[in-house]
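Engineer: One structure, as structure tokens, below. Some questions next.
The values are calculated or read from the model by the stated rules, or taken from the named source; none is laboratory data. Please read all numbers here as calculations on a predicted model, not as lab measurements. Counting neighbours? That spans all protein chains shown, and the Cβs are built from the backbone with ideal geometry, glycine included. Remember, those area values only see protein heavy atoms, side chains included, never the ligands or the DNA or RNA. Shrake-Rupley method; radii C 1.70, N 1.55, O 1.52, S 1.80 Å.
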Amino acid sequence: MVVSALSELDGLSGGAIVHPALIQSGDFAHVNAPLMVLPSKDEPDFTADFAALKSKPFFSECYMERFDDMFHGFCGARGDWSNQEQAKRANDAISLLAKFFVSLMPEQKS
């Protein structure tokens, strides 16, 4: 949904996908705003798809980090937040998300 929204709607500052599902090859090429991608070990390798963003004027604001030590859902309801390592990695992802969205705020860009 995030990738579709960034492709179809005007006025969005950016979006992020954590352990994304239902992404098709070529979807990133249609994105019209900065995108953060945080896949787990259970998602495909999005490196080639992410590279499609390099031609976009906002590419310097895009970010991708793979969480190869985590499973699909680690940062949501499937995560075992009582497990210290999983909680740490989920909090790592949340920190990245917060920094990403703060960086997109208009007062941060000036």
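Engineer: Pick from the range 1-18 the residues that are outside any helix (DSSP H, G or I) and open to solvent by 30 Å² or more (accessible area, probe 1.4 Å): which of them is farthest from Leu104 (Cα to Cα)? Steps first, please.
Structural biologist: To start, the set of residues in the range 1-18 that are outside any helix (DSSP H, G or I) comprises 1, 9-18.
If we keep only those that are open to solvent by 30 Å² or more (accessible area, probe 1.4 Å) as well, we get 1, 9-13, 18.
On the way: Met1: 19, Leu9: 17, Asp10: 15, Gly11: 12, Leu12: 10, Ser13: 6, Val18: 18 Å.
Out of the qualifying residues, it is Met1.
Engineer: Every residue in the range 24-52 that is open to solvent by 40 Å² or more (accessible area, probe 1.4 Å) and part of a loop (DSSP other than H, G, I, E, B), please.
Structural biologist: Gln24, Ser25, Asn32, Lys41, Asp42, Pro44, Asp45
Engineer: Filter the range 53-93 down to the residues that are surrounded by 14 or more Cβ atoms within 10 Å (Cβ to Cβ) and charged (D, E, K, R) and list them by number.
Structural biologist: Lys56, Glu61, Arg66, Arg89, Asp92
Engineer: Let me ask another. From Lys99, Lys88, grab the single residue that is within 30 Å of Gly11 (Cβ to Cβ) and out of contact with any Asp or Glu (no Cβ under 6 Å at 6 or more places or on another chain).
Structural biologist: Lys99
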